[in-house]
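In what follows, a structure is listed as structure tokens, so that the remarks can point back to it.
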Amino acid sequence: MRAMTEPLALGILGYGGLGQAMARLVSRRQQVRWVAVADRKGYALNSNGLLAAYCQKVYTERGSVGYLEPGGVLSEDSLGELIAQPGVQAYFLALPNLPNTFMADVVRRFLAQGWRGVLVDALKRTSAVEQLRQLQADLQAGGITYLTGCGATPGLLTAAAALAAHSYEEILQVEIRFGVGIANWEAYRATIREDIAHLPGYDVAKAQAMTDAEINALLDQTDGKLYLENMEHADDVILEWAGICPRERVTVGGVVDTRNPRKPISTHVKITGRTFEGKISTHTFTLGDETSMAANVCGPALGYLQAGWHLHQQGHYGLFTCAEVMPRWVR
């Protein structure tokens, strides 16, 4: 069991916008040490810790963390080679779920390798989270504690809805609306592609096949904004599994501005329910407009990772969601 004074050895799979943001966040924490990272072309592993600024510089200049010195390795199977290495106790999966089976396939690779530890993702699609639930028995038998849907939504807002639900005897509606502002969509390529897949006339396969030029053309037509309604978002199934309400009572939508860091709308969740006295009321939890997508995803994900490690130390393995576990503060 890890001593409380020894930092948790963390790996980050995926080094796009969210992966880079998590690296910067972890560099400011004492209880977690960032020791491993993988992108499409390579990986790096250093038990003494990786330096966020240096990694960012090498990745920007040379296109892969595989060029890091020391510890960098260029590889055509960077993910597979990294998870075969010892010394990493937990991973944040900042990977694009394209195709929609990708994350479940990644988990199967961890299981096949015999790796034991904690995995945390910020998955969004209902069907992707349902695929992970089918691996529940395998995760339990394999000694993996997996927390899914642990970003902003699903994640922070879902957990807020689960907590607020206790004021009511019956939940009538959960409405999540988010606003995301980023200065350049290319910093979050995978996230934007997943969002495009929710637009009318698009799906995961079509979004995945789009070239960067085609995405730019689409964004030119909308002034850089994506208007998303009635999304297939895992908040619904997570709240249903937690016994809060049927998934049909959960709706998710929002606006993503890919050319402006300012949020186009405020992000909030509204929980409407009936109290035991028979009164109808609504709780609203609103995020500050100054908090970025990276802050609202990576902060909760890191807190859930810490909670997952405590569960793992106690011998609790299998799949958990953001509505079942409280994140723990990371110093």
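A few notes on this one:
- Phi angles of the range 61-76 translate, via the Karplus equation with coefficients 6.51, -1.76, 1.60 and θ = phi - 60°, into HN-Hα couplings of 7, 10, x, 6, 6, x, 8, 4, 10, x, x, x, 9, 7, 7, 7 Hz per residue; Gly and Pro are given as x.
- Sites matching trypsin sites (Lys or Arg not before Pro) across the range 64-147 that sit in DSSP coil, with at most 15 neighbouring C-beta atoms within 10 Å: R116
- With contributions of -39500 (n - 2.57) from each DSSP H run of at least four residues, the per-residue ellipticity at 222 nm computed over the chain stands at -10000 deg cm²/dmol.
- Beta bridges by DSSP in the range 1-82, antiparallel share as percent, to the nearest 5: 50 percent
- Euclidean distance between Cα centres, the range 208-233 to the range 69-128, Å: 27 Å
- Residue order for K263, K57, K41, K279, fewest other beta carbons within 10 angstrom first, comes to K279, K57, K41, K263.
- Partners of K206 within straight-line reach, counting lysines whose Cα lies under 20 Å from its Cα and excluding those fewer than 8 residues away in the same chain: K124, K225.
- Of all DSSP beta bridges in the chain, antiparallel share, percent nearest 5: 45 percent
- More than 27 angstrom apart: percent of Cα pairs within the range 156-289: 29 percent
- Coil-residue chymotrypsin sites (Phe, Trp or Tyr not before Pro) of the range 223-308, DSSP, other Cβ within 10 Å capped at 13: F276
- Measuring between their Cα centroids, the range 1-59 and the range 152-183 lie 29 Å from each other.
- At q = 0.09, 0.12, 0.13 Å⁻¹, base-10 log of I(q)/I(0) for the chain (Debye sum, equal scatterers on each alpha carbon): -0.46, -0.83, -0.97
- Loop-located GluC sites (Glu not before Pro) in the range 206-291 whose Cβ has at most 15 other Cβ within 10 Å (DSSP): E229, E277, E290
- Antiparallel %, DSSP beta bridges [both residues in the range 156-289], to 5: 70 percent
- Rounded to the nearest Hz, the phi-derived 3J(HN,Hα) couplings of the range 276-291 under the Karplus curve 6.51 cos²θ - 1.76 cosθ + 1.60 (θ = phi - 60°) are 5, 7, x, 8, 9, 8, 10, 9, 10, 10, 10, 7, x, 5, 6, 7, where x marks glycine and proline.
- Close amide-amide hydrogen proximity is noted between K225 and T258, each under 5 Å apart and 5 or more residues distant or on a separate chain (H modeled in the peptide plane; Pro and chain starts excluded).
- For H233, the residues whose modelled amide H falls within less than 5 Å of its own, excluding neighbours fewer than 5 places apart on the same chain, are T126.
- Calculated P(r) tail over 20 Å for the range 129-216, as whole % of Cα pairs: 59 percent
- Cα-based Rg / Dmax (Å) for the range 6-139: 14.3, 43
- When the charge dipole of the chain is built from unit charges on Cβ atoms (+1 for Lys and Arg, -1 for Asp and Glu) and taken about the Cα centre, the candidate among G201, T251, F320 whose Cα reaches farthest toward its positive end is F320.
Read the figures in this text as sums done on the coordinates, not as results from a lab. This is a predicted model, so every value here is computed, not measured. Virtual Cβ from ideal backbone geometry, glycine too; neighbours counted across all protein chains shown.
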